[in-house]
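Input: a single structure, listed below in C-alpha coordinates.
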Amino acid sequence: MLINLDESIELLKSGHVVAIPTETVYGLAASITSPKAIEQVFQLKKRPADNPLIVHIATNEQLRDLITEMPEGSEELMRAFWPGALTLIFPANMTRIPAIVRAGLPTIGIRMPRHSLTLELIKATDPLVAPSANLSGRPSSTCPEHVIEDFGENLPILAGGVCSQGVESTIVTVKEGRWKIVRLGAVSAEALQRVLGYEVWNFQDDTAVFDKDKPLCPGQKYRHYAPSARLILDSMPYAGSPKIVVGFDGRDYPGAEKIFRLGNVNSPNSVESNLYAVLRSLDTEGIKEAWVDINFDHHGPLRTIYERLKKAAS
Ligand code: TXA
Ligand code: MG
(Lines give C-alpha, C1' and ligand atoms only; values in the text may rest on other atoms or scores of the structure.)
(Ligands and ions follow the chains in the order given, each with its own letter.)
Protein backbone atom coordinates (compact mmCIF):
# COMPACT_ATOMS: atom_id res chain seq x y z
CA MET A 1 0.00 0.00 0.00
CA LEU A 2 1.52 3.31 -1.07
CA ILE A 3 1.55 6.03 1.59
CA ASN A 4 2.92 9.56 1.89
CA LEU A 5 5.60 11.16 4.05
CA ASP A 6 3.34 12.22 6.95
CA GLU A 7 1.73 8.79 7.13
CA SER A 8 5.17 7.17 7.11
CA ILE A 9 6.37 9.39 9.96
CA GLU A 10 3.26 8.52 11.96
CA LEU A 11 3.62 4.78 11.42
CA LEU A 12 7.35 4.61 12.16
CA LYS A 13 6.94 6.71 15.31
CA SER A 14 4.18 4.41 16.54
CA GLY A 15 6.31 1.28 16.12
CA HIS A 16 5.33 0.00 12.67
CA VAL A 17 7.37 -1.26 9.73
CA VAL A 18 7.39 0.86 6.54
CA ALA A 19 9.19 0.17 3.25
CA ILE A 20 11.23 3.22 2.29
CA PRO A 21 12.88 4.35 -0.94
CA THR A 22 16.60 5.06 -1.14
CA GLU A 23 18.84 5.79 -4.11
CA THR A 24 20.18 2.20 -3.99
CA VAL A 25 17.24 -0.14 -3.28
CA TYR A 26 14.08 -0.02 -1.16
CA GLY A 27 14.57 -0.73 2.54
CA LEU A 28 12.29 -2.39 5.09
CA ALA A 29 12.47 0.19 7.85
CA ALA A 30 11.83 0.34 11.58
CA SER A 31 12.77 3.00 14.10
CA ILE A 32 15.89 2.20 16.10
CA THR A 33 13.78 2.87 19.19
CA SER A 34 11.09 0.23 18.34
CA PRO A 35 12.40 -3.24 19.28
CA LYS A 36 9.09 -4.89 18.30
CA ALA A 37 9.16 -3.39 14.82
CA ILE A 38 12.81 -4.39 14.42
CA GLU A 39 11.91 -7.98 15.28
CA GLN A 40 9.12 -7.80 12.74
CA VAL A 41 11.60 -6.73 10.05
CA PHE A 42 13.56 -9.95 10.63
CA GLN A 43 10.36 -12.01 10.56
CA LEU A 44 8.90 -10.40 7.45
CA LYS A 45 12.13 -10.88 5.49
CA LYS A 46 12.76 -14.35 6.96
CA ARG A 47 16.19 -13.01 7.76
CA PRO A 48 18.61 -15.10 9.86
CA ALA A 49 19.22 -13.49 13.27
CA ASP A 50 23.00 -13.54 12.75
CA ASN A 51 22.76 -11.06 9.87
CA PRO A 52 22.93 -7.45 11.18
CA LEU A 53 21.00 -4.43 9.84
CA ILE A 54 22.27 -1.11 8.53
CA VAL A 55 21.22 2.08 10.36
CA HIS A 56 20.15 5.02 8.18
CA ILE A 57 20.70 8.60 9.34
CA ALA A 58 19.88 12.01 7.89
CA THR A 59 22.38 14.30 9.65
CA ASN A 60 25.88 13.97 11.07
CA GLU A 61 24.33 14.92 14.44
CA GLN A 62 22.41 11.64 14.44
CA LEU A 63 25.68 9.74 14.04
CA ARG A 64 27.20 11.01 17.27
CA ASP A 65 25.55 8.82 19.89
CA LEU A 66 25.36 5.72 17.68
CA ILE A 67 29.11 5.12 17.68
CA THR A 68 32.02 5.27 20.12
CA GLU A 69 34.82 6.16 17.75
CA MET A 70 35.52 7.65 14.31
CA PRO A 71 38.26 5.56 12.74
CA GLU A 72 40.89 7.40 10.70
CA GLY A 73 39.60 8.23 7.24
CA SER A 74 35.92 8.09 8.17
CA GLU A 75 35.44 11.85 7.98
CA GLU A 76 36.98 11.96 4.50
CA LEU A 77 34.73 9.13 3.35
CA MET A 78 31.61 10.72 4.83
CA ARG A 79 32.45 14.08 3.25
CA ALA A 80 33.05 12.49 -0.15
CA PHE A 81 30.16 10.02 -0.28
CA TRP A 82 27.33 11.07 2.10
CA PRO A 83 24.53 11.37 1.43
CA GLY A 84 25.12 8.36 -0.79
CA ALA A 85 25.69 4.68 -1.34
CA LEU A 86 28.50 4.02 1.13
CA THR A 87 27.95 2.15 4.41
CA LEU A 88 30.69 2.50 7.03
CA ILE A 89 31.13 -0.03 9.82
CA PHE A 90 31.84 1.77 13.12
CA PRO A 91 32.42 0.60 16.72
CA ALA A 92 28.85 0.65 18.07
CA ASN A 93 27.48 2.45 21.09
CA MET A 94 26.03 -0.74 22.48
CA THR A 95 23.70 0.94 24.95
CA ARG A 96 22.00 2.95 22.19
CA ILE A 97 21.87 0.23 19.51
CA PRO A 98 19.89 -2.89 20.44
CA ALA A 99 21.86 -6.16 20.09
CA ILE A 100 19.26 -7.51 17.63
CA VAL A 101 20.21 -4.78 15.13
CA ARG A 102 23.92 -5.63 15.40
CA ALA A 103 23.32 -9.41 15.47
CA GLY A 104 25.32 -9.30 18.69
CA LEU A 105 28.40 -7.73 17.06
CA PRO A 106 30.21 -4.79 18.71
CA THR A 107 29.99 -2.86 15.42
CA ILE A 108 27.29 -1.06 13.46
CA GLY A 109 26.89 -0.31 9.76
CA ILE A 110 25.67 3.25 9.06
CA ARG A 111 24.83 5.25 5.97
CA MET A 112 23.07 8.45 4.94
CA PRO A 113 20.88 7.68 1.92
CA ARG A 114 20.62 10.18 -0.95
CA HIS A 115 16.85 10.40 -1.33
CA SER A 116 15.12 13.64 -0.38
CA LEU A 117 11.88 12.08 0.93
CA THR A 118 13.72 9.54 3.05
CA LEU A 119 16.08 12.18 4.43
CA GLU A 120 13.04 14.22 5.49
CA LEU A 121 11.52 11.10 7.00
CA ILE A 122 14.62 10.31 9.06
CA LYS A 123 14.90 13.93 10.23
CA ALA A 124 11.36 13.68 11.57
CA THR A 125 11.82 10.28 13.22
CA ASP A 126 14.82 8.60 14.80
CA PRO A 127 17.52 6.81 12.82
CA LEU A 128 15.97 3.90 10.92
CA VAL A 129 17.24 0.36 10.60
CA ALA A 130 16.56 -0.99 7.11
CA PRO A 131 17.70 -4.09 5.31
CA SER A 132 16.85 -4.32 1.62
CA ALA A 133 13.08 -4.76 1.15
CA ASN A 134 13.08 -8.27 -0.32
CA LEU A 135 12.55 -11.75 1.07
CA SER A 136 15.93 -13.16 2.15
CA GLY A 137 17.75 -14.57 -0.86
CA ARG A 138 15.58 -12.85 -3.48
CA PRO A 139 16.74 -9.98 -5.71
CA SER A 140 16.45 -6.59 -3.98
CA SER A 141 13.57 -4.22 -4.76
CA THR A 142 14.17 -1.15 -6.89
CA CYS A 143 10.54 0.04 -7.10
CA PRO A 144 7.34 -0.29 -5.04
CA GLU A 145 6.02 -3.08 -7.32
CA HIS A 146 8.95 -5.31 -6.31
CA VAL A 147 8.21 -4.70 -2.63
CA ILE A 148 4.56 -5.69 -3.22
CA GLU A 149 5.68 -8.86 -5.06
CA ASP A 150 7.55 -10.01 -1.95
CA PHE A 151 5.39 -8.68 0.91
CA GLY A 152 1.89 -8.21 -0.51
CA GLU A 153 -0.45 -5.24 -0.75
CA ASN A 154 -0.79 -4.58 2.97
CA LEU A 155 2.74 -3.49 3.75
CA PRO A 156 2.91 0.33 3.86
CA ILE A 157 5.41 1.71 1.33
CA LEU A 158 6.54 5.33 1.23
CA ALA A 159 6.00 6.12 -2.45
CA GLY A 160 9.37 7.24 -3.78
CA GLY A 161 9.48 6.00 -7.35
CA VAL A 162 12.22 3.97 -8.96
CA CYS A 163 15.62 3.84 -7.22
CA SER A 164 18.12 5.92 -9.17
CA GLN A 165 21.12 3.70 -8.49
CA GLY A 166 19.64 0.22 -8.40
CA VAL A 167 22.32 -1.77 -6.53
CA GLU A 168 23.03 -1.75 -2.80
CA SER A 169 25.54 0.45 -1.02
CA THR A 170 29.21 -0.48 -0.88
CA ILE A 171 30.16 -1.56 2.65
CA VAL A 172 33.57 -0.76 4.16
CA THR A 173 35.13 -1.77 7.44
CA VAL A 174 38.48 -1.07 9.12
CA LYS A 175 40.96 -3.91 9.11
CA GLU A 176 44.51 -3.44 10.38
CA GLY A 177 44.05 0.33 10.38
CA ARG A 178 42.77 0.61 6.80
CA TRP A 179 39.32 0.72 5.23
CA LYS A 180 38.46 -2.36 3.21
CA ILE A 181 35.46 -3.20 1.07
CA VAL A 182 33.45 -6.08 2.50
CA ARG A 183 30.55 -5.78 0.05
CA LEU A 184 30.95 -4.37 -3.44
CA GLY A 185 28.19 -1.94 -4.31
CA ALA A 186 27.19 1.29 -5.98
CA VAL A 187 30.40 3.15 -5.01
CA SER A 188 33.35 1.66 -6.90
CA ALA A 189 36.64 0.59 -5.34
CA GLU A 190 38.38 3.08 -7.62
CA ALA A 191 36.30 5.99 -6.26
CA LEU A 192 37.13 5.01 -2.66
CA GLN A 193 40.81 4.63 -3.47
CA ARG A 194 40.90 8.15 -4.90
CA VAL A 195 39.73 9.51 -1.54
CA LEU A 196 41.79 7.29 0.76
CA GLY A 197 44.91 6.93 -1.36
CA TYR A 198 45.29 3.20 -0.78
CA GLU A 199 43.85 -0.07 -2.03
CA VAL A 200 40.47 -0.93 -0.50
CA TRP A 201 39.77 -4.19 -2.28
CA ASN A 202 42.19 -7.03 -2.66
CA PHE A 203 41.33 -8.25 -6.09
CA GLN A 204 43.13 -11.57 -5.68
CA ASP A 205 42.06 -12.55 -2.20
CA ASP A 206 38.63 -11.88 -0.82
CA THR A 207 38.63 -14.91 1.49
CA ALA A 208 38.62 -12.82 4.69
CA VAL A 209 35.36 -11.24 3.59
CA PHE A 210 33.78 -14.60 2.93
CA ASP A 211 35.32 -16.46 5.90
CA LYS A 212 32.66 -18.93 7.01
CA ASP A 213 33.45 -18.77 10.74
CA LYS A 214 34.10 -15.09 11.31
CA PRO A 215 32.99 -13.18 8.22
CA LEU A 216 33.75 -9.47 8.00
CA CYS A 217 30.29 -9.11 6.49
CA PRO A 218 27.89 -11.77 7.83
CA GLY A 219 25.40 -11.39 4.96
CA GLN A 220 27.98 -12.51 2.41
CA LYS A 221 27.69 -16.14 3.44
CA TYR A 222 24.05 -16.37 2.38
CA ARG A 223 22.58 -17.01 -1.05
CA HIS A 224 21.57 -13.66 -2.56
CA TYR A 225 19.90 -11.76 -5.34
CA ALA A 226 18.61 -15.00 -6.82
CA PRO A 227 15.59 -15.63 -9.03
CA SER A 228 14.13 -19.16 -9.09
CA ALA A 229 15.50 -19.63 -12.60
CA ARG A 230 18.81 -21.43 -13.00
CA LEU A 231 21.36 -18.97 -14.39
CA ILE A 232 24.20 -20.16 -16.62
CA LEU A 233 26.95 -17.54 -16.69
CA ASP A 234 29.12 -17.53 -19.80
CA SER A 235 32.07 -15.26 -20.52
CA MET A 236 32.34 -16.44 -24.13
CA PRO A 237 30.46 -14.73 -26.95
CA TYR A 238 27.00 -16.18 -27.61
CA ALA A 239 27.30 -19.35 -29.68
CA GLY A 240 23.70 -19.74 -30.58
CA SER A 241 22.05 -22.55 -28.67
CA PRO A 242 20.55 -21.30 -25.38
CA LYS A 243 16.90 -20.30 -25.75
CA ILE A 244 16.53 -17.67 -23.04
CA VAL A 245 19.21 -15.01 -22.88
CA VAL A 246 20.05 -12.30 -20.34
CA GLY A 247 22.25 -9.93 -22.30
CA PHE A 248 23.08 -6.39 -23.34
CA ASP A 249 21.80 -3.77 -25.75
CA GLY A 250 23.53 -3.67 -29.10
CA ARG A 251 24.59 -7.32 -29.00
CA ASP A 252 23.18 -10.03 -31.22
CA TYR A 253 21.96 -13.31 -29.83
CA PRO A 254 20.78 -14.96 -33.04
CA GLY A 255 18.31 -17.77 -32.55
CA ALA A 256 17.45 -16.86 -28.95
CA GLU A 257 13.73 -17.21 -28.27
CA LYS A 258 13.65 -14.46 -25.73
CA ILE A 259 16.19 -11.84 -24.69
CA PHE A 260 16.11 -9.98 -21.37
CA ARG A 261 18.25 -6.88 -21.83
CA LEU A 262 20.24 -5.37 -18.96
CA GLY A 263 21.05 -2.17 -20.86
CA ASN A 264 24.25 -1.02 -22.52
CA VAL A 265 27.44 -2.54 -21.15
CA ASN A 266 29.21 0.78 -21.84
CA SER A 267 26.81 2.53 -19.49
CA PRO A 268 27.20 0.51 -16.26
CA ASN A 269 24.85 2.77 -14.32
CA SER A 270 21.95 1.87 -16.57
CA VAL A 271 22.83 -1.81 -16.16
CA GLU A 272 22.83 -1.37 -12.38
CA SER A 273 19.38 0.16 -12.44
CA ASN A 274 17.97 -2.65 -14.63
CA LEU A 275 19.65 -5.57 -12.89
CA TYR A 276 17.11 -6.55 -10.23
CA ALA A 277 14.09 -5.78 -12.41
CA VAL A 278 15.47 -8.19 -15.04
CA LEU A 279 16.24 -10.91 -12.48
CA ARG A 280 12.74 -10.53 -11.05
CA SER A 281 11.07 -10.62 -14.45
CA LEU A 282 12.64 -14.05 -15.11
CA ASP A 283 10.42 -15.28 -12.28
CA THR A 284 7.27 -13.42 -13.24
CA GLU A 285 7.63 -14.90 -16.74
CA GLY A 286 8.15 -18.40 -15.34
CA ILE A 287 11.64 -18.88 -16.83
CA LYS A 288 13.36 -22.05 -15.58
CA GLU A 289 16.79 -21.54 -17.09
CA ALA A 290 18.60 -18.62 -18.68
CA TRP A 291 21.99 -18.10 -20.31
CA VAL A 292 23.67 -14.96 -18.99
CA ASP A 293 26.16 -12.90 -21.00
CA ILE A 294 29.10 -12.06 -18.72
CA ASN A 295 31.45 -11.29 -21.59
CA PHE A 296 32.56 -7.92 -20.18
CA ASP A 297 35.49 -6.38 -18.28
CA HIS A 298 35.06 -6.60 -14.52
CA HIS A 299 36.23 -3.10 -13.65
CA GLY A 300 34.67 -0.18 -11.78
CA PRO A 301 30.87 -0.46 -11.56
CA LEU A 302 30.90 -3.53 -13.81
CA ARG A 303 32.73 -5.43 -11.08
CA THR A 304 29.68 -5.02 -8.84
CA ILE A 305 27.34 -6.22 -11.58
CA TYR A 306 29.57 -9.22 -12.26
CA GLU A 307 29.67 -10.08 -8.57
CA ARG A 308 25.86 -9.79 -8.22
CA LEU A 309 25.30 -12.04 -11.24
CA LYS A 310 27.75 -14.59 -9.85
CA LYS A 311 25.90 -14.64 -6.53
CA ALA A 312 22.52 -14.81 -8.23
CA ALA A 313 23.73 -17.88 -10.14
CA SER A 314 25.36 -19.67 -7.21
O1 TXA B 1 21.97 0.04 -0.11
C2 TXA B 1 21.83 -0.61 0.93
O3 TXA B 1 22.80 -0.87 1.67
C4 TXA B 1 20.42 -1.09 1.28
C5 TXA B 1 19.55 0.13 1.51
C6 TXA B 1 18.17 -0.22 1.97
O7 TXA B 1 20.18 1.01 2.40
N8 TXA B 1 20.45 -1.94 2.43
C9 TXA B 1 20.94 -3.20 2.42
O10 TXA B 1 20.79 -3.88 3.60
O11 TXA B 1 21.45 -3.71 1.43
P12 TXA B 1 20.92 -5.46 3.74
O13 TXA B 1 20.50 -5.74 5.11
O14 TXA B 1 20.21 -6.14 2.65
O15 TXA B 1 22.46 -5.72 3.61
C16 TXA B 1 23.30 -5.26 4.64
C17 TXA B 1 24.58 -6.02 4.68
C18 TXA B 1 24.42 -7.46 5.15
O19 TXA B 1 25.21 -8.29 4.31
C20 TXA B 1 24.99 -7.42 6.56
O21 TXA B 1 25.57 -8.64 6.91
C22 TXA B 1 26.01 -6.31 6.46
O23 TXA B 1 25.39 -5.37 5.64
N24 TXA B 1 26.25 -5.68 7.77
C25 TXA B 1 25.39 -4.98 8.51
N26 TXA B 1 25.93 -4.61 9.67
C27 TXA B 1 27.20 -5.07 9.67
C28 TXA B 1 28.29 -5.03 10.60
N29 TXA B 1 28.18 -4.43 11.78
N30 TXA B 1 29.45 -5.63 10.23
C31 TXA B 1 29.56 -6.22 9.04
N32 TXA B 1 28.58 -6.31 8.13
C33 TXA B 1 27.41 -5.75 8.44
MG1 MG C 1 19.84 -7.47 1.16
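The values are calculated or read from the model by the stated rules, or taken from the named source; none is laboratory data. Keep in mind that this is a model prediction, so the values were computed, not measured. Glycine also receives a Cβ, built like all others from the backbone with ideal geometry; neighbour counts cover every protein chain displayed. SASA here: full protein model, heavy atoms, side chains in, ligands and nucleic acids out. Shrake-Rupley method; radii C 1.70, N 1.55, O 1.52, S 1.80 Å.
When residue 195 is evaluated against the numbered criteria (1) part of a loop (DSSP other than H, G, I, E, B); (2) more than 10 Å from ligand 1 (Cβ to nearest atom); (3) modelled with pLDDT of 80 or more; (4) not polar (S, T, N, Q), which criterion, by number, is the only one it fails?
(1)
Which pairs turn up if I take residues in the stretch 303-314 that are under 13 Å from residue 276 (Cα atoms) and look for partners that are surrounded by fewer than 18 Cβ atoms within 10 Å (Cβ to Cβ) and basic (Lys, Arg) with beta carbon separation below 6 Å, at least 6 apart in sequence or on another chain?
none
Pick from the stretch 44-58 the residues that are closer than 24 Å to residue 81 by Cβ and more than 8 Å from ligand 1 (Cβ to nearest atom): which of them is surrounded by the fewest Cβ atoms within 10 Å (Cβ to Cβ)?
My answer is 58.
Those residues that are surrounded by 22 or more Cβ atoms within 10 Å (Cβ to Cβ) and either under 21 Å from residue 133 (Cβ atoms) or not hydrophobic (A, V, I, L, M, F, W, C) (or both), I need them from the stretch 283-300; list them, please.
293
Which pairs do you get when a residue that is under 16 Å from residue 309 (Cβ atoms), found in the stretch 230-242, comes within reach of a residue that is of a type in the set (A, V, I, L, M, F, W, C) and open to solvent by 90 Å² or more (accessible area, probe 1.4 Å), reach meaning Cβ atoms under 8 angstrom, with the pair 6+ apart or on two chains?
Here the result reads none, with nothing in the stretch 230-242 linked to a residue that is of a type in the set (A, V, I, L, M, F, W, C) and open to solvent by 90 Å² or more (accessible area, probe 1.4 Å).
On the basis of being under 18 Å from the mean Cα position of the chain (by Cα), within 16 Å of ligand 2 (Cβ to nearest atom) and either modelled with pLDDT under 95 or over 25 Å from residue 39 (Cβ atoms) (or both), does residue 187 make the cut?
no
Determine if the stretch 58-73 includes at least one residue that is of a type in the set (A, V, I, L, M), farther than 25 Å from residue 164 by Cα and either within 16 Å of ligand 2 (Cβ to nearest atom) or touching a Cys at 6+ places or on another chain (Cβ under 9 Å) (or both).
There is no residue in the stretch 58-73 that is of a type in the set (A, V, I, L, M), farther than 25 Å from residue 164 by Cα and either within 16 Å of ligand 2 (Cβ to nearest atom) or touching a Cys at 6+ places or on another chain (Cβ under 9 Å) (or both).
State all residues of the stretch 26-43 that are assigned to a loop (DSSP other than H, G, I, E, B) and open to solvent by less than 10 Å² (accessible area, probe 1.4 Å); if no residue qualifies, say none.
Of everything in the stretch 26-43, those that are assigned to a loop (DSSP other than H, G, I, E, B) and open to solvent by less than 10 Å² (accessible area, probe 1.4 Å) turn out to be 26, 32.
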